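Sharing a structure below in structure tokens format, with a few things to ask.
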Amino acid sequence: WCGPCKILGPRLEKAVAKQKGRVAMAKVDIDDHTDLAIEYGVSAVPTVIAMRGGDVVDRFVGIKDEDQLDSFVSKVIGQ
């Protein structure tokens, strides 16, 4: 139902695919998993949370363009 999520999803999937397995992506339906939304402080969608070893290392809310997403993913994996 989230229009911005439908725009961001394919862009983020493309940025993740460019990393050829160095990063994994998971989508969470916060309507079905409100406990996770509360635990991670999600108050707006889309919210993207980057995690490493179970810890949050970065996050953003809203839509980003492809270059911004490439930079975000690269930063998360330490490139």
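Just give me the residues in region 56-79 being modelled with pLDDT of 95 or more and among the charged types (D, E, K, R), in sequence order.
Asp58, Arg59, Lys64, Asp65, Glu66, Asp67, Asp70
Yes/no per residue for (1) open to solvent by less than 60 Å² (accessible area, probe 1.4 Å); (2) of a type in the set (D, E, K, R):
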site	(1), (2)
Ala24	no, no
Asp31	no, yes
Gly53	no, no
Arg59	no, yes
Leu69	yes, no
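Can you pull out the residues in region 51-66 that are at positive phi and among the aliphatic types (A, V, I, L, M)?
Once the filter is applied, which keeps residues that are at positive phi and among the aliphatic types (A, V, I, L, M), region 51-66 yields nothing.
The values are calculated or read from the model by the stated rules, or taken from the named source; none is laboratory data. On a predicted model such as this, the values are computed, not experimentally measured, just so you know. Protein only, heavy atoms only, side chains kept; ligands, DNA and RNA dropped before computing areas. Shrake-Rupley method; radii C 1.70, N 1.55, O 1.52, S 1.80 Å.
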